[in-house]
Amino acid sequence: MGDLRPIIDELLEALRKQGGFGYVALTALAESGDRTAAGEIYEMAWEQLHSGPWSEVHSAWRDAFSLACLLLSNCIERDEGDLEQCLKYLDMGLIMGGLVFRAHLESAISRAQKAREDDEEDDSQTGNGGTGDESEQNYRNRSFAESLKKLPSGSLSQARIRATCLPSLETFAREFFLPGEPVVIKRAMLDWPALTKWKNLEYLRRIAGSRTVPVEIGEHYLAPGWKQELMTIGDLINRCTSSELSSTNRPYLAQHSLFDQASHCFLFSVCVAHVHVCGGYSIPELRKDIIVPDYCALGGGDMKSVNAWFGPANTVTPLHHDPHHNLFAQVVGQKYVRLYSPAHSSHLYPFAESMLMNSSQVDLDGPDLLNFPEFEKASGMEYILEEGDMLYIPPKWWHYVKSLSPSFSVSFWWAVTSSVSSDTESYDADDRP
């Protein structure tokens, strides 16, 4: 911790001004390797993070939480050698902590992950690794036909989204990007290692199983009883392959930045359609398995986020629109997508509340035509995305997504320069809510 001394001293001075004398008094003990002291400062910082609205939590307490996670992880590794527990606390520091110790947390995660992989390699060589064949078989054998029966009414009778095979940048820009028209791009991911690697659940367990992520639980973010839980990706895989899934306990890793460093977000902050935890950390091994499409460079290519979507069959993202250009890559499994042009916004009944203005009050899985009669006038288009398909969704286009099988998808959001943005937005600006 020698290299951290000036940073820690500055943090402790800030905590004194915030009344954190107990934390300050125990930090030296925690730094020296006292497991009890490290646990106590962790609990103190955790309590402060939950003392009121997240936006009102002083930044010093967020950094104090990150430091506590670092120190507690060091103690656990030394005393118990439990690398999964170490990774859990280090991820918690990334997800809920401040920015000051982020690089140190990421470095510690890399070391722990490498040590864990070395241990697993030793286990496999001695026959103790296990194969997980039964779990994987259950995962791969989810009934596609049964999921088709659960599609929204009117499905498979809408206009079909245009599909084309790997258009050139010029063609994509001229026919889809500039006029703001959606398209399914075929054969755009043939060189992605993820197309084969991510079908193997044991690969995902080995690479990322001990990493902690925020997971949505329930039907979808607009449904009663929806909530979020923090769990490891290994636990998420176990939940996804369970035979006891229902609409109330269905897990979904939705809109989470597993791949790239993202700007730090507040806990339970509003991020487009979803209210979610976002910590903005990456799993480099998974990042190597995907390739940012060249199409994302159009218009200046200001990449906003690269997000993961992983869950069992029947996960739902309700009808909503987003502010950025979106290339949605279907890596594993199949998903049904329904789109509506911004011209139909008045028929889709956006919520009046500012946090949900980009979401529709119409539940496509059971539309209430008595309260939302104009919905019948909305004309949509649809497609069933297969593995290897990319869907371009222009800004402000309404979209509903439902997985028809266990599924892993990646979305690329990017913005354009103001001059290009004004050109593309002119096509539908008058029709937006």
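The values are calculated or read from the model by the stated rules, or taken from the named source; none is laboratory data. It should be emphasised that the depicted structure is a prediction, and the values quoted were computed from it without experimental measurement. Neighbour counts run over all protein chains shown; Cβ positions are idealised from the backbone, glycine included. Just so you know, the surface numbers come from the protein's heavy atoms only, side chains and all, with ligands and any DNA or RNA stripped out. Shrake-Rupley method; radii C 1.70, N 1.55, O 1.52, S 1.80 Å.
Under a model in which nothing but the beta-carbon of Lys, Arg (+1) and Asp, Glu (-1) is charged, the range 4-120 shows a dipole of about 420 debye around its Cα centre.
The gain in end-to-end length when the Glu170 to Ser246 segment is fully stretched comes to 22.8 nm, 0.36 nm per residue minus the alpha carbon separation. Of Lys149/Lys402; Lys150/Lys186; Lys186/Lys377, which sit over 21 Å apart, Cα to Cα? Those over the limit are Lys150/Lys186; Lys186/Lys377. Here the 3J(HN,Hα) profile of the range 340-356, calculated from phi with Karplus coefficients 6.51, -1.76 and 1.60 at θ = phi - 60°, is 9, 5, x, 5, 9, 4, 5, 8, 9, 6, x, 4, 7, 5, 4, 6, 10 Hz, Gly and Pro shown as x.
If I take R0 = 35 Å and measure r between the Cβ atoms of Leu178 and Met357 in this structure, what FRET efficiency does the formula 1/(1 + (r/R0)^6) give, to the nearest 0.05? Efficiency, rounded to the nearest 0.05: 0.85.
Charge dipole (Cα centre; +1 on Lys/Arg Cβ, -1 on Asp/Glu Cβ; no other charges) of the range 164-261 amounts to roughly 300 debye. Can you tell me the FRET efficiency between Ile291 and Ala28 if r is taken as the Cβ-Cβ distance and R0 is 56 Å, rounded to the nearest 0.05? The calculated FRET efficiency here is 0.75.
When a/c reaches 1.5 or more, the comparison of a/b and b/c decides; with that in mind, is the range 4-120 rounded, prolate or oblate per its Cα gyration tensor? Here the range 4-120 falls in the prolate category.
Taking all protein chains as present, what is the carbon and sulfur share of the accessible area of the range 24-74, in % to the nearest whole number, probe 1.4 Å? Carbon and sulfur atoms account for 50 percent of the accessible area of the range 24-74. Modelled spin-label separation between Leu190 and Ile217, with each label point placed 7 Å from Cα along the Cα-to-Cβ direction: 4.4 nm. Look at the dipole of the range 144-196 built from charges on Cβ: of Pro179, Leu148, Pro167, the Cα furthest out on the positive end belongs to Leu148. Taking amide H positions as modeled 1.01 Å from N, with prolines and chain starts lacking one, the residues under 5 Å from Gln361 and 5 or more places away or on another chain are Phe351.
Here's the picture: a label point sits 7 Å out from the Cα of Leu156 along the beta-carbon direction, and within the range 329-353 the residues with their amide nitrogen under 16 Å of it are 334-338. Computed from phi, the 3J(HN,Hα) profile of the range 306-318 under the Karplus parametrisation 6.51, -1.76, 1.60 (θ = phi - 60°) reads 10, 10, 9, 9, 9, x, x, 4, 6, 5, 10, 10, x Hz, with x in place of Gly and Pro. Remark: the range 179-255 carries 38 Å² of accessible area per residue (probe radius 1.4 Å; ligands, DNA and RNA excluded). Solvent exposure of the range 4-120, expressed per residue, is 45 Å² of accessible area, with all protein chains present and a 1.4 angstrom probe. Summary value for the range 26-116: 26 percent relative contact order, contacts being C-alpha pairs under 8 angstrom separated by 6+ residues.
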